[in-house]
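Novice: Please see the structure below; I have some questions.
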Amino acid sequence: MKLPLSVLLDPVTGRAAAYNATHRTVTFDASAELIAYAKAKGYREVPYDETKQDASGIWRPLPPWATPDIRARLVLIWTRRGDESDEELRRMPAR
């Protein structure tokens, strides 16, 4: 299963995209359950920094709703550390 490793969140609108461990898109419209999980269980949260992203757009491509005017307020939340139990991984929303 390709569970989300990171969530790109617009804290103003509550919209989020999710990406797997290889930085490929899981969804550009994360569920409310995944967003709540990331906020509650995420272990690292940093402001989105476009200069540190893959310029080719292959890794962690921006969702269509991430227009230039909102990119400065986006935050990136990592949802997994890598040492989660099988039970914890089963509780994580897939999308």
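Here, each number is a calculation from the coordinates, and none is a lab measurement. A quick note: this is a predicted structure, and the numbers were derived from the prediction, not measured.
Novice: Taking 8 Å as the Cα distance limit and 6 or more residues as the minimum spacing, I'd like the relative contact order of the range 1-68 as a percentage.
Specialist: Across the range 1-68, relative contact order equals 26 percent.
Novice: If you bin the C-alpha pair distances of the chain every 5 Å from 0, what whole percents do you get?
Specialist: That works out to 3, 14, 28, 27, 17, 8, 3, 1, in percent per bin.
Novice: If each residue of separation counts as 0.36 nm, what is the full-extension length gain between Ala94 and Asn20 once their alpha-carbon separation is subtracted?
Specialist: 25.7 nm
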